[in-house]
Amino acid sequence: MIFLKCIVMITLISDIHSNLEALEEVLKCSKGDIYCCGDFVGYGPNPNEVIELCIEKGVKGVFGNHDYAVMNKLAGFNIYAQKAIEWTKSVLNKESIEFLKGLKFSINLEIENKRISIFHGSPISVTQYIYPNYPDSYFEMFLKEIDILVLGHTHIPMVKNIDKKLVLNPGAVGQPRDGNSKASMFFLDPAKMKIKEKRIEYNIEEVRKKIIKNKLPDFLWERLYSGL
């Protein structure tokens, strides 16, 4: 009798930012459990629908700075982000509020004997940006007790291999900023420490119409086309 070992694959996403059209396309491609590095809401026109879909699909996640800001006070946002946060506050339903209140600063997992920690900005702060050009030495303190560190916030995909450990950022579902307008996602095989990156097209025009309809800043749809 031959026994086949099942491959455990998980999906990593981040920065959905109330972009329902992008999320729908990404979830069609998801594999295994789905983990989000925060910022479910902000910027986009469908916060309640995004959260409802995440609940339906069992998406687990941490809070991002925009998620935190709609529940609490958090400074440092530009005028476009602040307007979107105020609008989001005004339309959130009870279920969405409870979902956001339930999000934690971090998620810690052990899958296939690999220790994985998920944050939004960094293990230090929800607002800290960690970019791909940071030196490997910067991550040493974070990787002492874990094998895989997963971050979001920058909206820029990142894969770093450091002493047989991984530092990852799956980029943004709802508002990419790496010059590619397609939604970004990662598939992680923890056992093999392997990553597959995937970009997904979605209906940006539909998002544009909704942003305009809800009188959110034009800048928020304009940047979707450029991916910047």
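Could you tell me which chymotrypsin sites (Phe, Trp or Tyr not before Pro) in the range 1-75 are loop residues by DSSP with no more than 11 other beta carbons within 10 angstrom of their beta carbon?
Hits after loop and neighbour filter: 3.
With a cap of 15 neighbouring Cβ atoms within 10 Å, and only residues DSSP puts in a loop, list the GluC sites (Glu not before Pro) found in the range 77-122.
Passing both the DSSP loop test and the Cβ count: 112.
Could I have the simple spin-label model distance between residue 74 and residue 91, label points 7 Å from Cα toward Cβ, reported in nm to one decimal?
With each label placed 7 Å out from Cα toward Cβ, I get 2.0 nm.
Would you please calculate the Kirkwood hydrodynamic radius of the range 10-226 over all C-alpha pairs and express it in Å, rounded to one decimal?
Answer for the range 10-226: a Kirkwood hydrodynamic radius of 17.1 Å.
Can you give the charge dipole size of the range 16-59 about its Cα centre, rounded to the nearest 20 debye, using +1 on the beta carbon of Lys and Arg and -1 on the beta carbon of Asp and Glu?
140
At most 11 other Cβ atoms within 10 Å and a DSSP loop assignment: could you name the GluC sites (Glu not before Pro) in the range 155-228 that fit?
When the GluC sites (Glu not before Pro) of the range 155-228 are filtered for loop state and at most 11 Cβ neighbours within 10 Å, 201 remain.
How large is ³J(HN,Hα) for each residue in the range 165-175, as worked out from phi by the Karplus curve 6.51 cos²θ - 1.76 cosθ + 1.60 (θ = phi - 60°), to whole Hz, x for Gly and Pro?
Couplings: 10, 10, 10, 10, 9, x, x, 10, 6, x, 7 Hz.
With r defined as the distance between the Cβ atoms of residue 191 and residue 52 and R0 fixed at 35 Å, what FRET efficiency is calculated, to the nearest 0.05?
The computed FRET efficiency comes out at 0.60.
Stokes-Einstein diffusion coefficient for the range 56-148 at 20 °C in a medium of 1.002 mPa s, Rh from the Kirkwood formula over Cα pairs: what value in µm²/s?
Result for D is 140 µm²/s.
Using θ = phi - 60° and the Karplus curve 6.51 cos²θ - 1.76 cosθ + 1.60, what whole-Hz ³J(HN,Hα) does each residue of the range 208-224 get, with Gly and Pro shown as x?
Karplus values, whole Hz, x for Gly and Pro: 4, 4, 5, 4, 5, 4, 8, 6, 7, x, 4, 3, 6, 8, 4, 6, 5.
In the chain, once you exclude exposed trypsin sites (Lys or Arg not before Pro) (DSSP loop, at most 14 other Cβ within 10 angstrom), what's the longest stretch remaining?
With trypsin sites (Lys or Arg not before Pro) excluded where exposed in loops, the chain gives 74-143 as its longest stretch.
With +1 on each Lys and Arg Cβ and -1 on each Asp and Glu Cβ, how big is the dipole of the chain about its Cα centre, in debye rounded to the nearest 20?
Magnitude of the dipole: close to 120 debye.
Given a cut-off of under 8 Å on Cα pairs at least six residues apart, what relative contact order in percent is computed for the range 109-228?
That works out to 19 percent.
With an 8 Å Cα cut-off and a minimum separation of 6 or more residues, compute the relative contact order for the range 142-190 in percent.
Relative contact order for the range 142-190 comes out at 30 percent.
For Cα pairs less than 8 Å apart in space and 6+ apart in sequence, what is the mean separation divided by the residue count of the chain, i.e. the relative contact order in percent?
Dividing the mean separation by the residue count of the chain yields 24 percent.
Would you calculate a helix-derived [θ] at 222 nm for the chain, using -39,500 (n - 2.57) for each DSSP H run of n ≥ 4 and dividing by the full residue count, to the nearest 500?
Per the formula, -8500 deg cm²/dmol.
Using each residue's phi in the range 88-96, evaluate 6.51 cos²θ - 1.76 cosθ + 1.60 at θ = phi - 60° and report the 3J(HN,Hα) Karplus result to the nearest Hz, with x for Gly and Pro.
Result, ordered by residue: 4, 4, 6, 10, 4, 8, 4, 4, 5 Hz.
For residue 136 paired with residue 212, estimate the spin-label separation in nm (one decimal), with each label point 7 Å from Cα along the Cα-to-Cβ line.
Distance between label points: 4.9 nm.
Only the coordinates and a few stated rules stand behind these numbers; no lab work does. No experiment lies behind these values; they were computed from the predicted model shown. For neighbour counting, all protein chains shown are included, and Cβ atoms are generated from backbone atoms with ideal geometry for every residue, glycine included.
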